[in-house]
Structures are given as C-alpha cells and as structure tokens.
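Encoded as structure tokens, the structure appears first; notes follow it.
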Amino acid sequence: MKAAKNKKILLAHGGGGRLTEQLIRHNILPKLRNDVLAKLGDSAKLDFHSESLFFTTDSYVVKPLFFNGGDIGKLAVCGTINDLAVAGARPLALSLSLIIEEGFEFAKLDKILDSIGQTAKENNVDIVTGDTKTVEAGGVDEIFINTAGVGESIEGVELGLDKLEATDKVIINGSIGDHGLSVMSQREGLEFQTELLSDCAGLGGLIGQLLENTDGVKFMRDATRGGLAATLSEISSGSKLNIEIHEKNIPIKPSVQAAADMLGFDILTIANEGKFVAIVKPESADDFVKICKAHPLGKETSIIGKVTESSGEPTVRLITKIGGKRIIQMPYGRELPRIC
Amino acid sequence: MLERIYKAQQIIDKACKQLGRKINIMEVCGTHTVSIFRNGIRSILPANLKLLSGPGCPVCVTHQGYIDTMLELAKREDFLIATYGDMIRVPGENGSLESMQTNAQIKVVLSSEDALELAKDNPDKKVVFIAVGFETTTPATAVVIDEASQQNIANFFILSNHKLVVPAMRALLSEKNNKIDAFLCPGHVSVITGSDIFSEIVEDFSRPCVVAGFEPIQIIEGIAEICKQLAEEKAELKSIYNAVVTEKGNAAAQRMICECFEPSAGYWRGLGKIDKSTYQLKEKYSQFDAFKHFGITDVPGKERSGCRCGEVLCGLIEPPECKLFGTSCTPDEPIGPCMVSSEGACAAWYKYNRKESDESS
Ligand code: SF4
C-alpha cells in the first residue's frame, strides 16, 4: 500500500474525512499492527483474568522530539508501561492519542510511529485504541502525545507505602540523571551532548520478573520528573518514615556528573526514564539485586540506603561521600543553569 | 579519598581545639557555597568553626537598582533582553523577568555568544545582554564585544555589572566589626586572574587566603590549611588548586578584559558603592554600553522590605535569622536574590539544611 503522498500534515488530516482515514490506514496501522486495533472500533474490547485492573495516563511534550537514546514515541510508550509496572501491574494494553501541528513533516511522524510500534512490541504490549487530531500551526509545538494504559494485577502482589517498615532496603536499578541531562544538553546545544544517552526504557519485563520471583517487594516508583530526590521525598512523606541514603552507593556516570556540575544542577533532582526505586524487605534484598543484575536494565543495580524510624517530620537524609550529612527534599521551583 | 579527608579533619580538629575560640572562615564564591552544603561539609566541622557565605554569588551581589533597570528595559518596545538563567527570577517591586516573559521579549542564554547571535538574528531589535558575573564570565563578554565591534553589530548592547572579587573582600574587612578570620578563595576566578590577586588581602589585612577548587576534598583541605595557619598565627596566600591555578593566571583572558573594560566604582547589594569594583566598558566600546547608549544612570535602588540579603552576603547573619526565610521567602516564591540563585546562601541553606536548622533551633 502506498503511503500518503503529502510530505506534511494538513489540518484536514485530523478532520475525520478521507485524509484522516488515509493517515490511519497508511501511516499508523501498519506500524502498530494487532488484531484489536485493526478492527478500528470506537472502543477496544480486552480480555483479562485478574480481579482488579490498573489504569493510568500520561502526556508527553518533550523537546527535542528526538534525543540520544530515544524519542517522544518511545518515551510515551515506556512512560505509561513503567507507571503500570511500578504499581505492581502486568501491562496489558495502551491507547495512543496524537495531537499534531499543521505542517509537521510526515518523515518525522513516521519515525515516531516506528519507534512507538517497536517499543510496544519489545515490551509485549498492544496499542489497542487511539485518536489523531491536527491543530493549526502554533496550536501545539510539533506534536504532543498522550498514552493511557491498563494492566492486570499479578497474583499475590500488593504494593503500598503503608507496608514500609524501618530497616527495609532502598534499591535503584542503575545510574541516575542520564535522561534529563542528555535531553537538556541536547536542547541547549552543549558540546558534551553526544556523550550522554537517555536511559529511556520500558521496565515492564524486569519488574514482572522481580515480582514473580521474589517476595518482600513492598513499594516501587519510577524516578522520573524531580529525579531521585522527588521520589525519595514522596516515599518518606507518604510512609511517614525517614530514609537514609549513602551517596557513595548511588550509581552515577562520570560524564553525567560532569554535565550536572557544569550546569550547576543537583544530579539527584534530574529526571530519569528507565529507573525505579524499590523498597524491599531486608531478607529479600540480595535476591532482588541478583535478578536485577542479570537483566540488561539492571546491571548497575545498587542498594542505596534504608528506611528508618521517624520521630518528627519525615526526612530523607544523605550521607555524603565525605561522611557529611545533608537533607534531600522535593526539588523547588525550576532549576536554572547557573552563571559561571 | 577518605584517608585524605580524615587527615584534613584531624588537622582542623586539632587547630580548632588549640585556638579554643570561635573561628569564622568566609567562602567568597557561590560555587563553594553550594558544594559545602551539597556535600554536608558543615556537618563534619568542629562546633567552634563557622563557615560564612560571602559576596560570591553574582546574582546576589547585584544591586536592586540594576535589577530595576533590567526590568524597565524589558518593557521597552523593540528591546530583546538576553540573560543567564538565574537572573530571570530576581524580583523587583512588580515581578521578575520570568513573570513578564509572556508579554516581554526575554531570552535565556547559556553564553554571551548566544546573546550576540540573538542580535544578529534580530536586526530590528535592540538586544541587551545582562552581563553579570565575576572575573570568570567577564572574558566571555569581552570576546563578544570585540566580535560585535569587528562585525559592526549596531543593535547589540551590554548592561555591564561584571564584578571584581578583591575590592569586595577589602570592603568587608574595612568594616570595624567584621568577624572574618580567613578566606577560602575561589579556584575558577584564580584560573583567570592568577592567585596573586589575593596577596594584597594577606599583606594589608593579615588574613590567610587559601585558593581551593570545588571538589569536597579540596574544600576540606583548604579549610585545614587555613586552620593550620590560624593556629600557627600565620597569614599566607596558598593555592591547593595547583593543577590549573597559576600565580599569574590566564594572560590571554586578562588581556581580553583589559582591552574592553576598566574597573570603576559600582554598587553592590549589602556593601554599597565600592571604588574600582565593577567593570565598565572602555570609551572606545561605548557604543555597546547600554547605560551610555540609552542614557541610564545606575542607582543603588531600594531593597525589598524585610529582605536581609545584604547582611547575609556579608556574613553578618545566617539565612534563618531573616524573618522571611522559609515563611514568605522560599525558592518557589523568592523575595531576595539569595533565595533565587542556586548559588545563593538562602537557597542552599533552604534546600540542604533547612530541617537541621529547625531541629537545632
Ligand atoms: S530569606 Fe529571602 S528575604 Fe530573607 S535574606 Fe534570604 S532572600 Fe532575602
């Protein structure tokens, strides 16, 4: 079948008429092929086996659209899969909504759709329903994507902040700051941009293995916006317990640290797109780490600290590399690159 | 590394015990301030040793009059303001550049080069670069002035508030009641200027000056060197940043500064007007001088009521002593520049130390 001959998206591509039909049949369907979507019904019918369902949604507006290690399409699929996985769900299916600016190049759209299709396939998740809208030039910045996802519960797994206790271990599946600094340095055109690689990845597979093969996992969260600092603060305030982290155990790539230092950022506050923080019973921590290290997305997994009792306001403390102490808080405001 | 830290700590502990009194060391660079807080360095120092954050954060030392001028220019028609990121959140009486960003032309740039590019790309606009920072950023501004002059870029201007470190240190020590025993001096300024610039502080005021880098180990070893000198009643200039700092500095960068700028009297937040403390464009480049070109008189300006940034950056009070700290002034809604800049003492204190100070008070 021949692809649409226009090189750029026109307003009419979202109008619901012939061009819309062409866009869906020629550009979208072939890349996301699966039985449910192929029916193009108003709703997708899903079969599932668990008693409860998990349901989540997220919108993606990243700039630049294509970055080292991924693009907005991969991000939109991975992000929603990860939100399901860290909640203890097995991702079942996603929806995909595209809001495209008039004049957006088909070549770029195709690249993004390829990446969406491939990422969904790699993560064993189908995109079962979707929508496309176009808006006039300036209405959005090139393309915005929304994905929603449903997942079924894994038998015997129930995660929650209420399960946390002092002595539980805090584990992360690899180095921090890679995504945020890669995207930021590319956006600003910094010279070291080529050395940095986003960690954007779907964690459904690894987390599925962990939840099926270990017990003692109490809570997980993906450390996205606000970085490790935000995630740890949320866990501490949500559980009303303190957390103590050892800086020397946090995996950080030297090139990423150098970029953060140059821009004056605290690397703990930088976004990740393929990292989770897990709170695990101490007896299960070694098994958990072993499974992670055997998986490509967890080779650098590290136990970075533990949960401790709290008598006052729940606090996250960092024992720095030199043995000093400081607190870690929810990042404030907007971090701005410094002057010198 | 831990062994080196342990060794330095022993020197510090021994000296502080021997001295037996309160010791105040001032770090005169915002990057030191951030590193000290981020690495929890204060928490491993003896109780009688205090680190004071000095006038080393470019945003913080910028006087309110300059901020007001910048905000006023941003409102003028056909103007484009190019600024480093930290400046856009500094508030004036009616908001900051950030709050104006929707209706005014403001561009955050990462370098002076970007600002010049902006001028070339927008020939119908008057592009004003908010040129702040110490000797570290001054050469980069000088480079673009030279370029603009060679290429005859008529719509590019700078509002210079580039500062010199040493005159501010002198001003602090000239205050009768200052409590400063020694200075931890910034490595990156010294890379440009050479560590020799601090020798007048040692000679005229007998205060130890130690130049150190920003790695925690360098800072701790710098503090150890200072403590040792104090215990031995010495005051010397030492650099423990030898890999890159030389006594004479970077001659090419100094030539660039000299070519375009000359030190003149300028205002500082908290310190008032200091002679030969601010780089002004030389007469031959006056066409790029926004002050001259647009007939602006630099004035000290009026600080926002209640804000004690001036005292904070002179090391006279610690941020929690300001009534607004953590209540009406937070990094989300800053009142003074010391809470805006990531290098400001109030912001660093709030981010990395707030709860500890709550607990101990
Ligand atoms: S806490 Fe805020 S108002 Fe007080 S001195 Fe610091 S910046 Fe100024």
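The values are calculated or read from the model by the stated rules, or taken from the named source; none is laboratory data. Since this is a predicted model, take the numbers as computed values, not measurements. Using ideal geometry, Cβ is built from the backbone for each residue, glycine included, and neighbour counts are taken over all protein chains shown. Side chains included, ligands, DNA and RNA excluded: accessible areas come from the protein's heavy atoms. Shrake-Rupley method; radii C 1.70, N 1.55, O 1.52, S 1.80 Å.
What to note about this one:
- Any chance residue A:45 is in the same structural domain as residue A:127 (by TED's automatic domain parsing), among the charged types (D, E, K, R) and surrounded by 13 or more Cβ atoms within 10 Å (Cβ to Cβ): no
- Criterion: within 14 Å of chain A (Cβ to nearest Cβ), closer than 22 Å to residue B:279 by Cβ and within 16 Å of the chain's Cα centre (by Cα) - qualifying residue of B:34, B:90: B:90
- Any hit, region A:275-287, residues being touching a His at 6+ places or on another chain (Cβ under 9 Å) and at pLDDT 95 or above: yes
- Which listed residue, of B:277, B:264, is within 30 Å of residue A:262 (Cβ to Cβ), among the polar types (S, T, N, Q) and more than 16 Å from the ligand (Cβ to nearest atom): B:277
- Residues (modelled with pLDDT under 95 and either open to solvent by less than 10 Å² (accessible area, probe 1.4 Å) or facing another protein chain (nearest Cβ under 7 Å) (or both)) located in region B:18-31: B:28, B:29, B:30
- In region A:291-311, the residues that are open to solvent by less than 50 Å² (accessible area, probe 1.4 Å) and modelled with pLDDT under 95: A:310
- Test: residue in region A:254-268 that is crowded, with 22+ Cβ neighbours inside 10 Å, touching a strand residue (DSSP E or B) at 6+ places or on another chain (Cβ under 9 Å) and within 14 Å of another protein chain (Cβ to nearest Cβ): yes
- For the criterion of being within 14 Å of chain B (Cβ to nearest Cβ) and among the polar types (S, T, N, Q), residue A:302 fails.
- Annotation note: of A:86, A:77, A:150, the sole residue that is at pLDDT 95 or above and over 20 Å from residue A:275 (Cα atoms) is A:150.
- Flag if residue A:93 is without any contact (Cβ under 8 Å) to a residue 60 or more places away in the chain, closer than 27 Å to residue A:214 by Cβ and open to solvent by less than 50 Å² (accessible area, probe 1.4 Å): yes
- Failed condition for residue A:170, given (1) under 30 Å from residue A:308 (Cβ atoms); (2) in contact with a helix residue (DSSP H, G or I) (Cβ under 8 Å, 6 or more places away or on another chain); (3) at pLDDT 95 or above; (4) outside any strand (DSSP E or B): (4)
- Of the set (1) open to solvent by less than 10 Å² (accessible area, probe 1.4 Å); (2) away from chain A (no Cβ under 11 Å), all apply to residue B:49 but (1).
- Looking only at region A:178-229, and only at residues there that are within 14 Å of chain B (Cβ to nearest Cβ) and part of a loop (DSSP other than H, G, I, E, B), the one that is surrounded by the most Cβ atoms within 10 Å (Cβ to Cβ): A:226
- Of all the numbered requirements in (1) surrounded by fewer than 19 Cβ atoms within 10 Å (Cβ to Cβ); (2) of a type in the set (D, E, K, R); (3) within 16 Å of the ligand (Cβ to nearest atom), residue B:308 misses one, and that requirement is (1).
- Qualifying residues in region B:253-282 (those that are aliphatic (A, V, I, L, M) and touching a residue at least 24 places away in the same chain (Cβ under 8 Å)) - the one farthest from residue B:15 (Cα to Cα): B:281
- Scanning region B:112-134 for residues that are under 25 Å from residue B:268 (Cβ atoms), within 14 Å of chain A (Cβ to nearest Cβ) and in contact with a Phe, Trp or Tyr (Cβ under 9 Å, 6 or more places away or on another chain) yields a count of 7.
- Selected residue (only one of B:77, B:98, B:117 is farther than 27 Å from residue B:201 by Cα and part of a loop (DSSP other than H, G, I, E, B)): B:77
Conditions (1) of a type in the set (A, V, I, L, M); (2) more than 7 Å from the ligand (Cβ to nearest atom); (3) open to solvent by less than 20 Å² (accessible area, probe 1.4 Å); (4) out of contact with any Gly (no Cβ under 7 Å at 6 or more places or on another chain), marked per residue:
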{"position": "B:315", "(1), (2), (3), (4)": "no, yes, yes, no"}
{"position": "B:318", "(1), (2), (3), (4)": "no, yes, no, yes"}
{"position": "B:324", "(1), (2), (3), (4)": "yes, no, no, no"}
{"position": "B:327", "(1), (2), (3), (4)": "no, yes, no, yes"}
{"position": "B:330", "(1), (2), (3), (4)": "no, yes, no, yes"}
{"position": "B:333", "(1), (2), (3), (4)": "no, yes, no, yes"}
{"position": "B:337", "(1), (2), (3), (4)": "no, no, yes, no"}
{"position": "B:343", "(1), (2), (3), (4)": "no, yes, yes, no"}
{"position": "B:348", "(1), (2), (3), (4)": "yes, yes, yes, yes"}
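- Against the test of being in contact with a Lys or Arg (Cβ under 9 Å, 6 or more places away or on another chain), farther than 26 Å from residue A:67 by Cα and not assigned by TED's automatic domain parsing to the domain that holds residue A:123, the options A:288, A:276, A:265 yield a single qualifying residue, A:288.
- Applying the criterion of at least 3 residues that are within 26 Å of residue B:270 (Cβ to Cβ) and within 19 Å of the chain's Cα centre (by Cα) to the helices (runs of 4 or more DSSP H) found wholly in region B:145-259 leaves B:165-174, B:187-193.
- Selection over region B:305-353 of residues that are at the interface with chain A (Cβ under 9 Å from one of its Cβ atoms) and over 18 Å from residue B:31 (Cα atoms) gives a count of 4.
- When residue A:225 is tested against (1) under 19 Å from the mean Cα position of the chain (by Cα); (2) at pLDDT 95 or above, exactly one condition is not met: (2).
- Residue B:290 vs. criteria open to solvent by 40 Å² or more (accessible area, probe 1.4 Å) and more than 8 Å from the ligand (Cβ to nearest atom): no
- Among the conditions (1) within 14 Å of chain A (Cβ to nearest Cβ); (2) crowded, with 18+ Cβ neighbours inside 10 Å, the only one that residue B:267 does not satisfy is (1).
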